[in-house]
Amino acid sequence: MPKKSDYMISRRGFVGGVVGLVGTVISAVVGLPVIGYVVSPALKKGAEEEWITLGPVSALEPGIPAPFTFSQMKEVGWRRARISQTVYAVTDGSGNVTVFSDACTHLSCKVHWEEGRGAFICPCHDGLFDTEGKVVSGPPPKPLYSFQTQIENDQLMILVEG
């Protein structure tokens, strides 16, 4: 016949069980959001790509960069915002068109084409880029970013992330 003490829990056992239960609840309350934070980037869908129409290729003069401005909706934090961006298109006259970003590769300052110097100029630290986007002088570590292009019905299009 079992004794009464076989069914009773000791004070030390009770306190140990309560501390274990409270520790488990606290670990779950803190741990689940941390796990969600770490795993959520892998569950988000990748940035969608889209073709943006800039304008007619026939308007480009060979060797002279022409600015084109476009806007697109982007998710910035928790809100969607319309972002405007300028790019420069250059043709060599034989049908090849290259489109460059206007962001300097040093600190992302906006570059502009200066006809007199025949170069893209970054006003922040005097970075110079040639018509092919290559660094001529200054601190930029890489050439200007160039977009993938496509021409349909004389319309110049670039591939951008959405």
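The values are calculated or read from the model by the stated rules, or taken from the named source; none is laboratory data. Just so we're clear, the structure is a prediction, and the values are computed from it rather than from any experiment. FYI the Cβ positions are ideal-geometry reconstructions off the backbone, even for glycines, and counts take in every protein chain you see.
For SER71, state whether it is surrounded by fewer than 10 Cβ atoms within 10 Å (Cβ to Cβ), modelled with pLDDT under 90 and in the same structural domain as CYS109 (by TED's automatic domain parsing). Criteria not met by SER71. Can you confirm whether region 152-161 contains a residue that is more than 20 Å from GLU48 (Cβ to Cβ), charged (D, E, K, R) and in contact with a strand residue (DSSP E or B) (Cβ under 8 Å, 6 or more places away or on another chain)? For region 152-161, residues more than 20 Å from GLU48 (Cβ to Cβ), charged (D, E, K, R) and in contact with a strand residue (DSSP E or B) (Cβ under 8 Å, 6 or more places away or on another chain): present. When we screen SER137, SER108 for residues that are more than 22 Å from TRP51 (Cα to Cα), out of contact with any strand residue (DSSP E or B) (no Cβ under 7 Å at 6 or more places or on another chain) and among the small types (Gly, Ala, Ser), the only hit is SER108. Only one of the numbered conditions (1) outside any loop (DSSP other than H, G, I, E, B); (2) more than 30 Å from LYS44 (Cβ to Cβ) is violated by PRO139, and that is (1).
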